[in-house]
Structure formats: structure tokens, C-alpha cells
Amino acid sequence: MPAILESEERCLGGMTFFAQSHPTELCGSNGLPLTPNSITIYGKSQFLKTIKHENLSTYLDIVRSKHERIVVVAEYSGEQLSNKKNLTTNNIINIIYQCLNGLSYIHKLGLVHRHLSPDNILIKNNEQVQLYNYGFYFMTDFGKNVTFPIGYPKYTAPEVFLSLNNKMSSCKVDSWTIGIIIVELILNEKIWSNSKLPQWLWKNLSILQTKTSIFERLARECDKYDIFKNTQDNIKELINYCLQIKPSKRKTAEELLKLSIFQELNKQNSQLQSNIDNKKSIISRKMDELYYLWNLAGGDIIIELKKQGLIRSRPPILSIPNLVILLGQMFGRRDTAGLLDLRVVKVQLDTLKSRLSHISYIANCPRLTSQMHVKEQDNLTDNDAELPLIIRERDTEYQFYRIVLFNRLLQIYPLTRNAIIREAHKDIPPLVRGDVWSALLNINGDIYNRYDVIDKETPTHTDRQIEVDIPRCHQYSELLSSGTGHKKLQRILKAWVKDNSHYVYWQGLDSLTAPFIYLNFNNEARAFACLSAFIPKYLHKFFLKDNSAIIQEYLAKFSQIIAFHDPYLANHLSSINFVPELFAIPWFLTMFSHVFPLHKILHLWDKLLLGDSSFPLMVGLAILKQLRDSLLTSGFNECILLFSDLPEIDIELCVKDSMIMYQNTPSSITYRKYQYDQSKSDGWKEPDIGTEKLSRISVNDFINIYENIDEKLVIVDIRDNIQFERGAVPKSINIPFTNVQLSHIDIDKLGPQAKILHEHKGKVVVIIGPHDQTNSLFAEFLIKCGVSGVCSLQGGIYALRSKCPNLLIPMRENIYNN
């Protein structure tokens, strides 16, 4: 059986250019430095990655490098049309038909090629035509962000040279270019081939004076009039419609496709396209997947461009200008390495083919079992699951199998949501993270229509605050710092505020939205849907105008969790009066997106989305655990300084610790009155006054742990001896509250029972007493003694007797039976 990429013919193409630099020290209207044009281009060009058409090369990546350099990576398969000679009339018609198909598609999207030439028309071995570099004009904001003109002079429509103020060209300039290309193909000769740039411009503009057919004029100039006379009338008609001097009379690509010359091809196209789509979905991987894997396998487009001389470095001393004026303009000694070079470097996928050569062709479309597994992959992924995440994310073979599996599962989502959740517990491939997050948040339905109908344009009272916050939101990210990123973030925030009239805009909402924008940069509707699903689940009622009660409850629960898992740290923070209100509010209000950079947030939220609203509490504790040594030796002022400039946090260790604590914490201990999921609210009551700092476990949780994993429990009954002997939980220990001297913080004072509490590591210590007041005091005593896992049974002995009376047995009888 052939290897997976053995017959893969597709290649990569890399080109590079420089964005125009802003004069130094130039600021915008908001007083901030102007966004570099390279970042503007980077943000704007992301849209091009979404364009998928059989006659258009797929854009794969835009890389921003030093000194305003932009590198563009796209599919580059086949041979340039400029290298094809002696084409038949049918060949020419077929090529032009496919070119017009591609142009018609981008015109409907609002794009104009303007850079079209035979060098940018690629013909594959199966005669499929693809247009290359069709987004160059668009990504440079119609040429405004570069210092050079967009387009080849002899293929450019005359009105382009006559337009003022760099006015955007209409789609009809592409029709003119198609007309010139057809003329060259029919005549089998390049026009004005011996001319230089000034002559090209003069000849191009002189066409405006033509009284007869432009095709005839060009044929005479090339001494090919005989070919002109013998050209079919329908081809002459096509050229004539393309080369109309007045744009108003010139036909668009869509109109040209309706001409009689393409009638037969139009009939064949729909059926052919259907077959191509079906074949592609079965036997080949998407080009963006191959590019991602190629990079993992060691591919580097920058290195490839350097090999071919498109990127050249010189000692800086040789590039120093002779004169620099105060406005930043430089004169003299221009660096020729910064000039436009239109060459495209074609890169084979040999590196990736070699890396995956042992993988069978059938792995492209593996068979799913009834449990939505791929048997061939289970052993591989299970073995590698023990490796650090950073290694798994850089393993080409591992990522290939994971991408293939997730793609299969995502194709039939939401039926496969449970399987996606199961696989996400292992890890999430970065390439499909946006799709997987959407599935984890249970996003489905017509999200696009819902987003479209929300008014995102009408000014509101929150606009000013949003405008202030956006330029400060993760601006180290090239995507989010771009003008396009700012606009998208603003639209989504305005849409959310409009769609949630019961909430208000709080600072931090921009940071909370950033990860969804980052992963769904070309899908605002899905980013909005994810945000709308995320906030109720993890931040229910946090964005109320008066959210003080919600915040206080959350921080109180955080204090309880600290005491539950790390009583020594809780005691120290309490002794210096360093409360969570001083550092944790921005953590939880933004789910740590204001604290960590995006690459850490992505890994953290991969696991957060698999947990409930209590998981962030464990993340907060995991952060404190990494800072524990510093905190235990610091006073109040030192702690303030520590959190004002948070040290580097190992996010993988943070996630690992969070998962362990999450799994070892009874869910009822983290229950909050204001959380969205109220499935465990039955029988729950508010704590008595003065006992709010005590972690409490529900009777249901207690019974579940006792019946299934009782070795994880240490049950402390603090009633007096007589009540204890009348009826208590088997294996519980009796420490009468009346015998405890709370002022003596020494666990050994409890007598022989102290040994059990000393050796209880990793267990949950449940205090059972007559009421919450005594439970709280005894729990506080144990916490001050450094006992972890301490909590009180909610409702005490009376709730347990009411719920499960058979669990209580006379302790004398229990001793006798033992």
C-alpha cells in the first residue's frame, strides 16, 4: 500500500516584500504610536486564508519578520502559464475559462486581483488552473501600505495610471488583464517584449487613442496580423469585451463567463466540480494541514527564501544612510535588499513526505469504531500521552494522527460531542483548537444569523471604555494589535453588551474575549457564540452592574479552597491580612486571560473547558502553589510587590496541579449560590452567620465517597461520648468538642486521635457535629494546626440521620463486632 503522501504533487510557494515604514515618532489621534504597516497587512491578510476555490491557490500563512518584512506562503502547484508555448485554441479557452471562474469568485468577495499576469497563472498536470497572488492588492490596503505600485505595467488597465489619490481599482481592471493575456496566447508572443518600463507606460496609455480594435492594433505591432485575421469570431468577441477602453463598457469576469464561447464548459463544470469535491474529501489532506505538519517536520519558509537569495542580510554599517532629517526621512545609500523582488520560491513537501513515509495511505480516512475510536491510533496516542505536552505538540506523526481523528469527529458533530470531550482530555491539536473549543462549549445552530442581526454599529455609552481598553488588550499579539483585530474585538464586545442588556461592560471583558478572537479570527460569529456560552458557565452574574455579592462569594470560596488544600499557606496569608480581594479579582473576572500571555491561556483553557465553574478556583490555587515558598517568607508589602509583577508560571505544571486538586475535591465543597449549574442545590442551605469561611460537604457527596472510596475519608465526630456511642458512622473517630482547648494550637493535645489526623495525607477530613457553629470552630482549630482536607458535613448529624439513618449504628455494637 502506498505511503500517505507518495503521490502528493502540491507544493508551497513563498514570496516576500516590505511594508512601508512610518516616519519615526509619529502618533495617531489617540496619542499612541501608529500601528506598523506590516501588522496592518498581517491582520488584513488573515481573511485570505478562508478563500477556498478550485481555481485559486490557497493562502496558508503570512509571516511578519524584521524591518517590516512580510513573507507570504500559499499553495504553488503546477507550471506558470508564461512557460507554456504553442497552446491550442481549446487549451487557451479552457485556461481563460478557469481564470475567469477564479476571478469571478474573488470579485464576489470584494477582492480585485490587479496583480494578474501569466506568471501568476499556474497550470497543474491535470490542466487545472489556479490563480496565484490574488490577495496582494487587498492585503496591502489597495497599495497604500507599500512603497511600490501593485500590478505589471503592460497588463494593467490604462485607467489605473490615470486615477488620482490611489483610488481603489474596480474588478474590471482584471478583465483588461485577461484580454491582454488572451492576445499574447493567441499570437503566441509577448507584446512589447523588447521595451522597458517607460516605453511600456507610454504604449499602454497610447492605447487610449486607438480607434479600431485593440486586438488588431496589438497584432499589427507584433507583426501577427495574419493570426488576427484567422482568429475565431467568438475569441475576437471575448477579447473585444475585455479590452474596452471605457471601464463602463468593459464586461466583468462574471459577465464574460456567460458568453457563448464558454457555453459548453459551463455545462461540464458543475458535474466536474462535484466529482472533484468528493474525491478530495476522501483521498487528500487539506493544504493548511500539510503546511502545519511541514513546519513541525522541520520546514522553514524563511530559510527557503534565504537559500534562493530572496532574503539577504548585510552588515548594518553598510546600510547607514548619508543623511537623516528630524522627520525620520533618510537619504543616500539605499539598501538594495529592501527592493521589491517578485520571484516566488517553490518548495516541495519532501521533508514532510520523508517524515510520514511509513504511514499508510489509508490513514487519511480511518474507520471509526462504534465508540468513535480509531483502533490503529489508540496505542500510539496512549503511549505518547505520558510525554510532556510541548513534545506532543511538536511531534509530526502524533499531530498527524490527532488531526485526522479530530477532523473525523468534527465532521459529524454534535453527534460526536462526547467523543470529542474524551479525546480533548488527552490533548487538543493546536490546528483544530478553535473547532474543538466550539464543540466543548456545545456551540451549534444558526450562530451566523444570530450574530448578524445584533446591532454592532449604533453608538452606546460603553463605546468609549471599549475604545480605551482595546489598544491595551494583548497587544504583543500581531493579530490582536492589527487594525482588523481591533475592529473585530470592538464588534464582538458591542454585540455582547447589546445581547446581554442585563449585564454591563466591565474592564477585563476584552481580555476574556481575546482568546476566542485569536482562535476564530476569520469567524466572528463563532467567537461571539463561544464567548456567549463561556460567560454563563464560568462567570454567571459576574458582569451585573452590582456584582459585589457574586465576587465576594467567589473569593470566599477561594479562601476556603486554599484552607482546604494548603492550611499552612492559608494561615500565613491570614496572619498578614493578605486576602484574595487584593490579587485574585482580575484572575477570576478574566479567567486568567489578563494575567497570562495567549499561548499559556490556550493550554490552560484546554483543560478549563473540560471542567465546571469550580475549576478556576483550582487554577488560582495552583498558581499560589508555585509561589508558595516566596509567599511563606513574605510580609504584606512583599506580597503586594510579588503580585504586581507576577513571576513566570509553569503553565503545564499549573494545569497538572489544577487537575489533581479538581479531582480530589468533592464537588459540593466548591458549590456556590450564584453559579449557573444548580443541579446540586437540592437540600443546600446558606451557612449560619460566622461560619462562612468553613468548607462544607453535602450529605450526598459524603455518602457517595463513603460507599465507594471510604479510604479517602477521615470522619471526625465532635459530639460528646454518650451521643457518639448511641449512633455514629462506622470507622469515625470521636473527639468531643467540649474537650478541645481552642486557644492551644497543638494537635497533639487531642490525645491518641491526633495520630490519625497526622497521617491522613490526601484524605478528606469530615467533621460531623450537632450544628455549624461548633463545626466551624473545630475546623478552624484543625486548619490552624495545619490539617488539610478539612470540611464540615452540611446540616451535621441531623441531616445525615434524615438522609441515611441506616448509616448510623451504635458504636458499642460496632466495637463488639470488630
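No value in this document is a laboratory result; all are computed from the given coordinates. Treat the numbers as computed from the prediction; the structure is a model and nothing was measured. All Cβ positions, even for glycine, are placed from backbone atoms using ideal geometry, and neighbour counts span all protein chains on display.
Details
- Mean-position separation - Cα centroids, the stretch 231-270 and the stretch 478-554, in angstrom: 49
- Degrees, to the nearest 10: 375-384 long Cα axis against longest axis of the chain: 70
- Couplings 3J(HN,Hα) of the stretch 629-634, computed from phi: 4, 5, 5, 5, 9, 10 Hz, in residue order, whole Hz [Karplus 6.51 cos²θ - 1.76 cosθ + 1.60, θ = phi - 60°; x for Gly and Pro].
- Amide hydrogen proximity for GLY789: with H placed 1.01 Å from N in the peptide plane, the residues at 5 or more positions away or on another chain lying under 5 Å are HIS565.
- The loop-placed trypsin sites (Lys or Arg not before Pro) in the stretch 396-448, going by DSSP, that have at most 15 neighbouring Cβ atoms within 10 Å of their Cβ come out as LYS426.
- Across the stretch 587-660, the relative contact order, built from alpha-carbon pairs under 8 Å that are at least six residues apart, equals 42 percent.
- Using the Karplus relation 6.51 cos²θ - 1.76 cosθ + 1.60 with θ = phi - 60°, the per-residue 3J(HN,Hα) values for the stretch 469-483 come to 6, 4, x, 10, 9, 6, 6, 6, 7, 5, 5, 6, 8, 6, x Hz, with x marking Gly and Pro.
- Given 13 as the ceiling on other Cβ atoms within 10 Å, longest exposed-site-free region of the chain for GluC sites (Glu not before Pro) in DSSP loops: 128-385
- Rg over Rh [alpha-carbon atoms, Kirkwood Rh] for the stretch 509-631: 0.99
- Within the chain: Cβ-based charge dipole about Cα centre, in debye rounded to nearest 20 (Lys, Arg +1; Asp, Glu -1): 2480
- Taking the longest Cα principal axis of the chain as reference, the axis of helix 233-242 is set at about 60 degrees.
- Applying 1/(1 + (r/R0)^6) with r as the Cβ-Cβ distance of ARG450 and ALA549 and R0 = 30 angstrom yields a FRET efficiency of 0.45.
- Qualifying aspartates and glutamates (Cα of each under 18 Å from Cα of LYS755; at least 8 residues distant if same chain): GLU711, ASP717, ASP746
- Cross-link pairs beyond the 18 Å C-alpha cut-off, checked among LYS66/LYS167; LYS685/LYS763; LYS144/LYS167; LYS108/LYS346; LYS190/LYS224: LYS66/LYS167; LYS685/LYS763; LYS108/LYS346
- Counting only alpha carbon atoms, the long axis of helix 548-565 and the longest principal axis of the chain meet at about 70°.
- Violating pairs (Cα-Cα greater than 24 angstrom) within the set LYS426/LYS488; LYS49/LYS267; LYS537/LYS784; LYS426/LYS494; LYS211/LYS246; LYS731/LYS761: LYS426/LYS488; LYS49/LYS267; LYS537/LYS784; LYS426/LYS494
- Between LEU713 and VAL764, the built amide H atoms are under 5 Å apart, and every one of these is 5 or more places off in sequence or on another chain.
- Taking amide hydrogens as placed 1.01 Å from N in the peptide plane, the amide H of HIS22 sits under 5 Å from those of ASN37, each at least 5 positions away in sequence or on another chain.
- Checking [x] 0.96; [y] 1.13; [z] 1.09 against the coordinates, the calculated Rg/Rh (Cα atoms, Kirkwood Rh) falls under label [z].
- Restriction of the chymotrypsin sites (Phe, Trp or Tyr not before Pro) in the stretch 404-491 to DSSP coil positions whose beta-carbon has at most 13 other beta-carbons within 10 angstrom yields TYR476.
- Taking every C-alpha pair closer than 8 Å and separated by at least 6 residues, the mean separation divided by the residue count of the stretch 447-538 gives a relative contact order of 33 percent.
- Estimated from the Cβ-Cβ distance and a Förster radius of 30 angstrom, the FRET efficiency linking TYR798 and ASP746 is about 0.45.
- Spin-label zone in the stretch 178-208 - amide nitrogen under 15 Å from a point set 7 Å from the Cα of LYS249 along the C-beta vector: 207-208
- With a cut-off of 14 Å between beta carbons, the residues surrounding GLN268 carry a summed charge of -2, where Lys and Arg count +1 and Asp and Glu -1.
- The residues MET591, MET811, when put in order of fewest to most other Cβ atoms within 10 Å, stand as MET811, MET591.
- Across the stretch 595-608, computed HN-Hα scalar couplings (Karplus, 6.51 cos²θ - 1.76 cosθ + 1.60, θ = phi - 60°) run 9, 9, x, 4, 5, 7, 4, 4, 5, 5, 6, 3, 8, 4 Hz from first to last residue, x flagging Gly and Pro.
- Relative contact order for the chain, counting Cα pairs under 8 Å that sit 6 or more residues apart, in percent: 10
- Whole-Å distance, taken between Cα centres, linking the stretch 762-780 and the stretch 399-447: 43
- A Förster radius of 51 Å, combined with the Cβ-Cβ distance separating GLN199 from LYS487, puts the computed FRET efficiency at roughly 0.75.
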